[in-house]
Structure formats: structure tokens, C-alpha cells
Amino acid sequence: MSNFVNLDIFSNYQKYIDNEQELRENIRIVVREIEHLAKEAQIKLQIIHSDLSQISGACGLARKQIESCAEKYQKLAELVPTGQYYRYSDHWTYITQRLIFLIALVIYLEAGFLVTRETVAEMLGLKTSQSEGFHLDVEDYLLGILQLASELSRFATNSVTMGDYERPLNISHFIGDLNTGFRLLNLKNDGLRKRFDALKYDVKKIEEVVYDVSIRGLSSKEKDQQEEQAAPATE
């Protein structure tokens, strides 16, 4: 009796499954290495919430960990078959967003402005165009930047606790501009839209901190205004 099914077909399928599993496992190994570096960078940066004098040193140490990630992303680029970035991107999407947040935080602490997607891509050794292969996705960049808002709202509160009453005002201006920028986008991605909706709570929290500092007259600008108002008018 002849076989109605060619069993050799399934042998070929098994080879495909084995190769696919091996590739994904190799990708997971590299991603775990990136996660470790990102975790170390984040640990270094946590000191900003308890000691403002350590900000510069913390940023320098975090940069070293972040720069080491470029080599790991190069390994991922070599592993992922050409044209199949999005087939495997679920493995590294979250950690890439986390790294974008950490880079954005370092740049803000060092220079006070928003890091561009191009600069982030350069620091991680990634391309900016999908046609070039392994690249930094726009939505990943935006989601990483939105994580920055939550961290800065926390930083604003802790800065007041540590006696820095000017920093919350600067953070408020920065987050306000960030909020305005995101409102210019027509967001249709569910995850991105949902995360953007949470930005308003970060904005509100920072505004409350600024209001509290202002109403108590703790900032130097507020004190100067009060002194000007209290000073007798001269002829």
C-alpha cells in the first residue's frame, strides 16, 4: 500500500523549526546582554534622586554602559536575516525603548534639551532608515521619550526635597514643550496613543510641584519678585 503523504516534507519542516528556534535563542542571548547593560546604566542614574552633586558622574558612568550596547546591536544586526527586522523585533523592542529613555535622560541632565532620534541611533550604532536594515524605529523612539516624562516628574519632586527649587521650573518648561510637540502628531498607534494620554498626568504632577514652590516663595525668581513688590517706590 502506497503512502498518501510524503513524510519527507515534515522532515524539512522540522529543520525549518529547529533553525528558527536556534535563531530566536541566539537573539534572546544578545538581548539579555543588552538588558544587563541597560539595567546597570539605570542603576547608575538613580543617584540623581538622592544626591544632585552626583549627576555629572552618574551620567558619565551611564554613558559607558550605553555605549557598550552598540556592539550588542551589531550582533543582532548580523543575526537577523535581511528584510526580516519586524519578524523578530518583539525580542528587542522593549529594551530599545528603555535605552532611548536612558539616553534621553542623560542628554537632558547634561545639556537640558531633547535628544534627537538621529543621535540616539548613532549612540546605539543603529540606522535611521528601514531600507538600510537594522534601524531605530520611530515609534520606539517616541515611546522611549514618553518614559522620560515620568522620570522627570519624579525628579522634579525629589529636587525640591533636596533643596533645588529652580529645577522643577526648568523641567516644567521642558515637559510643556514636549507635550506640545506630541500634540502636533496624529497618533493612531494604540500603544503610543495610550502612553501619550498618560503624559498629561506627568504634566499635572510637575505643575503641582512648581505651584507649591511658587506659592511658598521658595524659588529665587519668586523671592526677587516679592522683594520688588515690597520695596518702597522711589521718586
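Here are some notes:
- Toward the positive end of the charge dipole of the stretch 8-221, with +1 on the Cβ of Lys and Arg and -1 on the Cβ of Asp and Glu, the farthest Cα among 173, 16, 133 is that of 173.
- Helices in the chain that qualify as membrane-span-like (whole DSSP H runs, Cα extent of at least 30 Å along the helix axis, mean Kyte-Doolittle hydropathy of 0.0 or higher) are 138-161.
- Per residue, the accessible area of the chain comes to 59 Å², computed with a 1.4 Å probe over protein heavy atoms only.
- Note on residue 84 and residue 119: the extension gain reaches 10.2 nm, defined as 0.36 nm multiplied by sequence separation minus the Cα-Cα distance.
- Portion, in percent, of the accessible area of the stretch 61-109 that falls on carbon or sulfur, probe 1.4 Å: 48 percent
- Total lysine pairs in the stretch 8-221 at Cα distances under 16 Å, for residues eight or more apart or on different chains: 6.
- Whether the chain is rounded, prolate or oblate, judged on the alpha carbon gyration tensor where a/c under 1.5 counts as rounded: prolate
- Stretch gain in nm, segment residue 19-residue 193, where the contour uses 0.36 nm per residue and the Cα spacing is subtracted: 59.0 nm
- Scanning residues 5 or more positions from residue 135 or on other chains, those with amide H under 5 Å from its amide H are 127, with H placed 1.01 Å from N in the peptide plane.
- Gain in span if fully extended, residue 207 to residue 55, counting 0.36 nm per residue against the direct Cα distance: 52.4 nm
The values are calculated or read from the model by the stated rules, or taken from the named source; none is laboratory data. Here the structure is a predicted model, which is why all the values come from computation and not from measurement. So basically every Cβ, Gly included, is an ideal-geometry build from the backbone, and we count neighbours across all protein chains shown. With ligands, DNA and RNA removed, areas are computed over all heavy atoms of the protein, side chains included. Shrake-Rupley method; radii C 1.70, N 1.55, O 1.52, S 1.80 Å.
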